[in-house]
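The values are calculated or read from the model by the stated rules, or taken from the named source; none is laboratory data. Source: prediction; values computed, not measured. So basically every Cβ, Gly included, is an ideal-geometry build from the backbone, and we count neighbours across all protein chains shown. Note: areas computed on protein heavy atoms with side chains; ligands, DNA, RNA excluded. Shrake-Rupley method; radii C 1.70, N 1.55, O 1.52, S 1.80 Å.
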Amino acid sequence: MERKRVVEKMQGFAINQALNYIEGNPEENIPKLMALVDRFTPDDWYVGQRNAMRSAIRKKNNWYQLILKIYELDAGAREAIFQNLLFNASLKGSAIQKEAEQREGCNIPWAILLDPTSACNLRCTGCWAAEYGHQLNLSLEDIDSIIRQGKALGVYMYIYTGGEPMVRRRDLIRLCEMHPDCEFLAFTNGTLIDEDFCREMLRVRNFIPAISLEGFEEANDSRRGAGIFQKVAAAMALLKAHKLPFGISTCYTSRNYADITSEEFFDYIIDSGALFAWFFHYMPVGNDAVAELLPTPEQREAVYCNIRAFRQMKPLFTMDFQNDAQYVGGCIAGGRNYLHINAKGDVELCVFIHYSNANIHDCSLLDALKSPIFMAYHDAQPFNENMLRPCPMLENPECLRKMVRSTGAVSTDYQSPESVDHLCDKTTPYAANWTPTAEKLWNSGD
Ligand code: SF4
C-alpha cells in the first residue's frame, strides 16, 4: 500500500486515542497496542523494529524495562515523544521525505542539526565550537524559516548543536511553542539547566536535552573544567525529579574509552535518569586537533563489544555512531538522514565535516540539498560496503578528498580554515590500521 495513504489511515485512527488507552495500565495494554500497530502497518514496514518490540514485550527484557520507564515520565512529554518523534517525524515525515526524494532527485533528511549560536559558557579542550568564535548566531527568524522549509519536506526532528544552544534558551522555548508538532533535542553541557528551565520544558513538552559527559568526575572535568561534573549531576537530578526525558552524549577517545563504556558508567547514567546515550568517536577535526586521541583498533573493538553487550542488558537506548552504521545503511550525513547548519548559515554535510557550497541566507534548504557537495555525497553513498567503515573522512579519506576537490566546497571554519588534505592526512593512517579489525568484525557477522 502506498506509504502516504497508510499514514493518513493511521492518523484517522487517532494516535492520541491509542496512547490514552495505554496510560492507565501500561503493562497490560502495551501488548494490545502492539497488536493494533501490526494491524495498521503494512507487513514490510519497520519489520526489524516491530519484531524487536514484540520480542521485548514477550521476554520482558531490558528494552521492555525502558518502555516502562517512558511511562514514568511526565504525561505531556511522553505524548510529545509519541506524537512528534514516532508519528510525525518517523511515520508521516518519512512518507513525505520519500516522495520529495523521488521528485527532487536528492537526499531529504530525517533530522536537521543546527547551531543557534557559536557562543558557549565553557571552554572545553579540543571543542571545535570554541574555534568558531563567539559572535555568530542564527536569528529566531532564520531558525523558524529553516523549520518551515524542513516541514514542507517532511522533517519534524530538529537537533541543536553549537556552541552551547542553551545560551539561547528563551528562543529555543519560543521555537518549541511555534512548532508544537516537531520534536527538539539539544546537545548541551547541561550547566544552564535549572528549575525555571525544567518548568518551561514541562510547559512546552517537546524539548529533550542530550547532556555531554566525558566520563566520571576526573576525566570529565579535566576536559570541561573544574566543577562541571557536579553541575551535570545536579541538572540530571532536576530533570529526573520533574520526570523529564533526557539522555547523555559522550565522545570516546584513546584516553577515556574504557571509562565511558564501563558497566559503572552505564549504571551511573541509568540511575541518574538518562533514557538514552549517544556515543561519538573522536574526530580530529580542526587545524589544532591531534591524531593521538584517535582510538587504536583494539580500543575501538573494545568499545564495539562493550556497547553491544550492555545493549542486551541495560534499560538504555544506545547509539554508537561509528560502529552502528549497519542499522542505518552507512553514513547518515549529506542529507541522507541529516545535515548540519552552522551559526553562520553554512549548510554542512555533517557536524564533523566543515566544507560547503551553500549558505541558508543565500539559498533555500532544498537548493542546499542539491548543491554540488551534497549531490556528490548522494551519488557516492554508501562509501563502503563494510558498515564498520562508513565514513568518507575517518575510514575512507580518499572519498572526502575527492568530493571536496571536485565540487569546490570551501572550509566553513572561519577561525582557522583546515584544508581537506590536512584533515585527511590525519585519518589516512587510522583508516589503514582499522581496516583489518573492521573486516574481521564485519565478516564475523555479530
Ligand atoms: S560523515 Fe562520517 S561522521 Fe559524519 S555521519 Fe557520515 S560517517 Fe558519521
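Key figures for this structure:
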| quantity | calculated |
| --- | --- |
| Residue in the range 183-204 that is surrounded by the most Cβ atoms within 10 Å (Cβ to Cβ), counting only those that are touching a Cys at 6+ places or on another chain (Cβ under 8 Å) and not polar (S, T, N, Q) | PHE184 |
| Residue pairs meeting the criteria (Cβ under 8 Å; at least 6 apart or on separate chains; first within 16 Å of ALA302 (Cβ to Cβ), in the range 434-446; second of a type in the set (Lys, Arg) and at pLDDT 95 or above) | TRP434/ARG300; TRP434/ARG389; THR437/ARG300; ALA438/ARG389; ASP446/ARG308 |
| In the range 390-416, residue nearest to the ligand (Cβ to nearest atom) [restricted to those that are charged (D, E, K, R) and open to solvent by less than 40 Å² (accessible area, probe 1.4 Å)] | GLU395 |
| Some residue of the range 335-344 being open to solvent by 10 Å² or more (accessible area, probe 1.4 Å), touching a residue at least 12 places away in the same chain (Cβ under 8 Å), under 24 Å from ILE146 (Cα atoms) and touching a Phe, Trp or Tyr at 6+ places or on another chain (Cβ under 6 Å) | yes |
| The range 297-323 residues that are assigned to a helix (DSSP H, G or I), paired with ones that are modelled with pLDDT of 95 or more and among the basic types (Lys, Arg) (beta carbon under 9 Å, 6 or more apart) | GLU301/LYS440 |
| GLU348, sole failed condition from (1) among the acidic types (Asp, Glu); (2) near the ligand (Cβ under 10 Å from one of its atoms); (3) surrounded by fewer than 20 Cβ atoms within 10 Å (Cβ to Cβ) | (3) |
| Residue match in the range 274-292 (condition: within 22 Å of the chain's Cα centre (by Cα), more than 22 Å from PRO390 (Cβ to Cβ) and open to solvent by less than 30 Å² (accessible area, probe 1.4 Å)) | yes |
| Residue that is farthest from the ligand (Cβ to nearest atom) [pool: residues in the range 310-326 that are open to solvent by 30 Å² or more (accessible area, probe 1.4 Å) and hydrophobic (A, V, I, L, M, F, W, C)] | MET313 |
| Within the range 151-181, tally of residues that are open to solvent by less than 50 Å² (accessible area, probe 1.4 Å), farther than 17 Å from THR191 by Cα and small (Gly, Ala, Ser) | 1 |
| Number of positions in the range 97-109 that are surrounded by fewer than 20 Cβ atoms within 10 Å (Cβ to Cβ) and either touching a strand residue (DSSP E or B) at 6+ places or on another chain (Cβ under 8 Å) or under 25 Å from LEU140 (Cβ atoms) (or both) | 0 |
| Top-ranked residue of the range 26-61 - restricted to ones that are modelled with pLDDT of 75 or more and β-branched (Val, Ile, Thr), ranked as farthest from VAL328 (Cα to Cα) | ILE30 |
| Some residue of the range 87-94 being without any contact (Cβ under 8 Å) to a residue 40 or more places away in the chain and open to solvent by 70 Å² or more (accessible area, probe 1.4 Å) | no |
| Of the criteria (1) closer than 18 Å to PRO109 by Cα; (2) more than 10 Å from the ligand (Cβ to nearest atom); (3) under 19 Å from the mean Cα position of the chain (by Cα), which one LEU365 fails | (3) |
| Any chance ILE307 is more than 8 Å from the ligand (Cβ to nearest atom) and crowded, with 24+ Cβ neighbours inside 10 Å | no |
| Matching residues, the range 267-296, being within 16 Å of the ligand (Cβ to nearest atom) and either polar (S, T, N, Q) or part of a loop (DSSP other than H, G, I, E, B) (or both) | TYR282, MET283, PRO284, VAL285, GLY286, ALA289, LEU294, PRO295 |
